[in-house]
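Presented below is the structure to which this report refers.
The values are calculated or read from the model by the stated rules, or taken from the named source; none is laboratory data. Since the structure is predicted, the reported quantities are computational estimates derived from the model, not experimental observations. For neighbour counting, all protein chains shown are included, and Cβ atoms are generated from backbone atoms with ideal geometry for every residue, glycine included. For accessibility, only protein heavy atoms count, side chains too; no ligands or nucleic acids. Shrake-Rupley method; radii C 1.70, N 1.55, O 1.52, S 1.80 Å.
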Amino acid sequence: MINGERMFKVPPLSPDSFEGIPREDRKTTLEVKDLRKEFPLMKGALVKRRVGTVKAVDGLTFDIREGECMAIVGESGCGKTTTLLEIMDLDPKDGVVILNGKDANSMSRAERREARKDMQIVFQDPMSSLNPRLTVREVIAEPLESLGYAGDVDARVAELMKLVGLDASQLDRFPGHFSGGQRQRIGLARALATNPSVIVLDEPVSALDVSIQAGVINLLEELKRKLGLSYLFVAHDLSVVRHLSDRVAVMYKGQFVEHGDTDEIFDHPQHEYTRKLLAAIPIPDPAVARARQAERAALAKK
Ligand SMILES: Nc1ncnc2c1ncn2[C@@H]1O[C@H](COP(=O)(O)OP(=O)(O)OP(=O)(O)O)[C@@H](O)[C@H]1O
Ligand SMILES: [Mg+2]
């Protein structure tokens, strides 16, 4: 259904359409069951030999509903990016990935290509992820053109620019002309071009100046609400996670040690690893910061 109605119909802008609707009553957009991914562990300075296996993703099970943001948090190397890439690939070697009711394991190559339009990624660094030689119009139009979009490309591009809060009169400029925050908006417009239901975000604001992070975070929130998007989101900054995500999974060595409602996990962490992670959030209030420091010292002694 390359030029079909469904793929490119602009979703109705019905603000707050999912607010107040319990998650059980919302459609599941992405479902992951027992996902695993191993890498060979190589050692040796000159001649590398395999000395074992890294279980980068070790049995993850979760689902995301429409209009919902799920964050994966955890220390560097715990397997967050590998998880995102395995899911994006829609071809798991071990485990199940179901996108909008379709099991990736039973998709033909053509179906997989078609399904990939329903899930788009926004990268951390908008400078290296946008082709500097293309104008913004070309950057955003590219996914539409490569799919043979039958509608009015210029109109769709202008509409996407407006959706991400950019001025359509800037369309003939190159990415280098824009600030980091504006470039991340261009990346978002490109990701939204094929009207996906799931957006995967790997550290979407951590390369940006703190002063412009808030604008991009608010935009992500607004788009999620207006378009009913599902986000699968990785961030180190836990204050960003608390602000943006409805659900959180705490990852440690390829597994989720804890997974559930964001407020529940932040307010009542069940697992010691989660408590350690939360204790490391910088707190602007000095009284709270002192209390946290005492908490950290107590945890370190254990
Ligand atoms: N292509 C690869 N080949 C071999 N090992 C890999 C490969 N990619 C990742 N790994 C290993 O898998 C584990 C998980 O890595 P991953 O990049 O998913 O972590 P991460 O949680 O995204 O870390 P960060 O927060 O630093 O981005 C690490 O031990 C890493 O060294
Ligand atoms: Mg990573």
Point to revise | Interchain or long-range residues, amide H under 5 Å from Gly59's placed H | key: Leu35, Arg36, Lys37
Practice item. Could you pull out the pairs from Lys102/Lys226; Lys93/Lys226; Lys33/Lys117; Lys43/Lys93; Lys55/Lys224; Lys93/Lys276 whose alpha carbons sit more than 30 Å apart here? Key: Lys93/Lys226; Lys55/Lys224; Lys93/Lys276
Review point. Roughly how big is the stretch 83-143's charge dipole about its Cα centre, with Cβ charges of +1 (Lys, Arg) and -1 (Asp, Glu), in debye to the nearest 20?
Key: 220
Check your understanding: Going by alpha carbons, how many degrees (0 to 90, nearest 10) lie between the helix axis of 180-192 and the longest principal axis of the chain?
Key -> 70
Check your understanding: With all protein chains present, how much of the accessible area of the stretch 71-123 (probe radius 1.4 Å) comes from carbon and sulfur, to the nearest whole percent?
Key -> 48
Check your understanding: With Rg and the Kirkwood Rh both taken from Cα atoms, where does Rg over Rh land for the stretch 108-190?
Key -> 0.98
**Study point:** Relative frequency of Cα-Cα separations exceeding 13 Å in the stretch 17-61, percent
**Key:** 71
**Study point:** Accessible heavy-atom area order of Arg185, Arg242, highest first, probe of 1.4 Å
**Key:** Arg242, Arg185
Point to revise | Binned Cα-Cα distance frequencies in the chain - 10 Å width, integer % | key: 6, 25, 32, 24, 10, 3, 0
Exercise for review: Quick one: Debye curve from the alpha-carbon atoms of the stretch 43-118 only, equal weights, vacuum; give me log10 I(q)/I(0) at q = 0.17, 0.27 Å⁻¹ to two decimals.
Suggested key: -0.80, -1.38
Check your understanding: Say the dipole of the chain comes from +1 at the beta carbon of Lys and Arg and -1 at that of Asp and Glu; which of Gly77, Ser128, Asn100 then lies farthest toward its positive end?
Key -> Gly77
Check your understanding: Relative to the longest principal axis of the chain, what angle (0 to 90°, nearest 10) does the C-alpha long axis of helix 136-146 take?
Key -> 80
Practice item. Against the globular-protein guess of 2.2 N^0.38 Å, express the Cα radius of gyration of the stretch 55-170 as a ratio, rounded to two decimals. Key: 1.27
Review point. Expressed as an acute angle from 0 to 90° and rounded to the nearest 10, what is the orientation of the C-alpha long axis of helix 286-301 relative to the principal long axis of the chain?
Key: 60
Exercise for review: Would you calculate the volume per residue, in Å³, of the smallest convex hull containing every Cα atom of the stretch 110-156?
Suggested key: 100
Practice item. Could you check how much of the accessible area of the stretch 149-274 is carbon and sulfur, as a whole percent, using a 1.4 Å probe? Key: 46
